[in-house]
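A.B. asks: Sending over a structure as structure tokens; questions will come in a sec.
FYI, it's all coordinate maths here, none of it is from the lab. Owing to the predicted nature of the structure, the values given are computational and were not obtained by experimental measurement. A quick note on method: Cβ atoms are made from the backbone with ideal geometry, for glycine too, and the neighbour counts reach across all protein chains shown.
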Amino acid sequence: MYEERKDKFSFKSFFLTLLLVLLFIFLLLWIFPTRWDVNKLQSAYDLERLSVLYDEIFANNVERMKDAAIGYFTNERMPQTVGESKKLTLQEMYDLHLVLKMKDKDGNACDANKSYVEMTKYTEEYRLKVNLSCGGYEDYIIVYLGCYDYCDGGICEKRVSTPNETTAKEEKPTTSTPVVDEPDTPDTPKDPTTPDTPSDTDKPDEPTVPDVPTIIKKYMYEYKLVVDDCTTCTNWSDWQKESVSSTDDTKVETKTVKELTGYTTTKIQTAIKTITTTKKIKEKYISSYTTELVVVDSYEVDTGKTTTKEVTEEVVVDTIEVFKEIGSDSKVPKDTETTKYKNVTSYKDDSCSYCEDETMYTYEIWTVEPVYDVVTKTVTVPVYITEYVYEEQKVPVYDYRVVEKKETKQEPVYTEVQIPNYENITYYRYQTCTTKKGYTDTEWSYNKLDTKLIGKGYKLTGNVKEV
């Protein structure tokens with residue numbers, strides 16, 4: 001009986017325990033989200049955030065190209081005639097070190113040949129096109145530049161008027177809401193018997209919160225306006241022969257044209273005629289032969305006499321020692337004819353593990369070099385005479401006679417013709433340019449997005465100060 005009761009009690013206890021464990025696990029799963037749910041929500045948030053980030057990366061790259069192009073196209077690099085365009089690819093901008101390497105959202109390099117900036121001159125302003133191709137996506141923006149009234153003397157971007165722009169310009173800049181560090185308020189304990197929406201009379205008394213002083217921090221933001229020199233030029237004048245000088249306000253271009261200025265009468269060769277003449281000349285000829293002694297060889301013969309003459313030669317008159325280097329060894333080498341050794345110092349080498357305090361010598365090495373001089377001395381030399389060897393040879397005897405000789409020559413035939421004369425004529429054209437001097441201005445504002453300053457072309461520098 002006792003054993004049977006014990007088995008039944010153990011089975012029931014196990015069943016109740018298992019039921020409570022399952023109920024506890026279900027409550028945990030219901031109360032706390034699973035890791036898969038958290039990852040799913042996080043992934044959706046990341047995708048939305050990455051989409052905004054990708055668009056921002058593309059826009060930032062376009063803005064970098066635009067700013068670099070405005071800085072590069074100074075007055076001398078601007079197109080000069082209406083309708084003229086100057087183009088600069090992204091690769092050329094890399095080569096000129098105008099921008100750093102640009103990459104798309106996946107970290108791949110943007111197309112440096114399809115991406116470009118192009119400046120075109122209009123009648124009174126310039127149009128800048130910024131085209132960017134990255135990761136299979138390509139788009140562009142158009143910006144107009146000129147010397148407008150609100151540029152304050154420099155070339156700047158043309159504003160795009162909006163319905164609220166006039167009102168925004170007239171309003172004073174508003175200060176941003178200050179950051180207030182509020183103290184943490186302790187949570188009010190809730191009575192379990194109190195309903196979720198108790199009436200005012202049923203609410204329990206809330207604990208008293210001590211008064212904490214409000215700390216208000218105000219900041220000012222630095223804006224900077226950089227106005228470049230702005231140069232506007234009139235259209236080019238017509239070409240003229242009258243000379244025009246270049247000045248600071250006048251640009252001058254020249255061209256050279258070859259023009260007909262008249263004719264010159266001259267003779268040109270139109271034919272060749274042949275003329276034959278006969279004349280008598282004195283001719284040399286061999287009339288006979290004779291026998292003569294002819295020198296065929298010669299040699300030197302010692303007469304047995306001597307004579308003196310002065311000669312110069314280079315001789316060693318002294319020697320010098322020239323320092324070469326410093327040497328170190330356990331003994332000083334012996335001197336030779338070309339090398340001398342001079343002891344400088346000696347010391348005991350206690351770092352030698354296989355010898356007992358070996359003496360080491362430091363010495364200078366000198367090379368012995370000869371000193372030469374040119375001297376003149378008198379020497380005795382033998383006297384020689386030249387002996388010649390003769391031989392009888394048959395030689396011709398010449399005489400002269402008069403003979404007739406025909407000569408044929410060709411002479412050109414000339415005819416008078418009119419040759420046109422051309423001269424290089426220089427033409428001039430000019431345009432007058434007016435330059436407004438640029439400047440840099442700094443302003444501080446309580447507003448991090450000061451529309452009035454931004455509308456005037458000011459840009460945030462990133463410098464902030466607490467006031």
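A.B. asks: Given a Förster radius of 41 Å and the C-beta distance between LYS114 and TYR219 as r, what FRET efficiency does 1/(1 + (r/R0)^6) yield to the nearest 0.05?
C.D. replies: 0.45
A.B. asks: Further, regarding this structure: Assign one of three labels to region 267-423, namely rounded, prolate or oblate, based on the Cα gyration tensor with a ≥ b ≥ c the square roots of its eigenvalues; rounded applies when a/c is under 1.5, prolate when it is not and a/b is larger than b/c, and oblate otherwise.
C.D. replies: Oblate shape, in that a/c is at least 1.5 and b/c is the bigger or equal ratio.
A.B. asks: Given the pairs LYS114/LYS436; LYS129/LYS437; LYS121/LYS452; LYS324/LYS377, which are separated by over 31 angstrom at their Cα positions?
C.D. replies: Long pairs (Cα-Cα over 31 Å): LYS114/LYS436; LYS324/LYS377.
A.B. asks: Right, here's the next one. Under 5 Å between amide H atoms, partner at least 5 residues away or on a different chain: which partners does TYR144 have, H built in plane at 1.01 Å?
C.D. replies: LEU128, LYS158
A.B. asks: Moving on to the next point. Packing-wise, with mean Cβ within 10 Å as the measure, how do 431-439, 266-274 rank, highest first?
C.D. replies: 431-439, 266-274
A.B. asks: Quick one: 3J(HN,Hα) in Hz for region 271-282, Karplus 6.51/-1.76/1.60 with θ = phi - 60°, rounded, Gly and Pro as x.
C.D. replies: Values, residue by residue: 7, 10, 10, 9, 10, 10, 10, 10, 9, 9, 10, 8 Hz.
A.B. asks: Continuing with this model, one more query. Quick one: net charge around THR264, please, counting Lys, Arg +1 and Asp, Glu -1 for every other residue with C-beta under 15 Å from its C-beta.
C.D. replies: Result for the local shell: -1.
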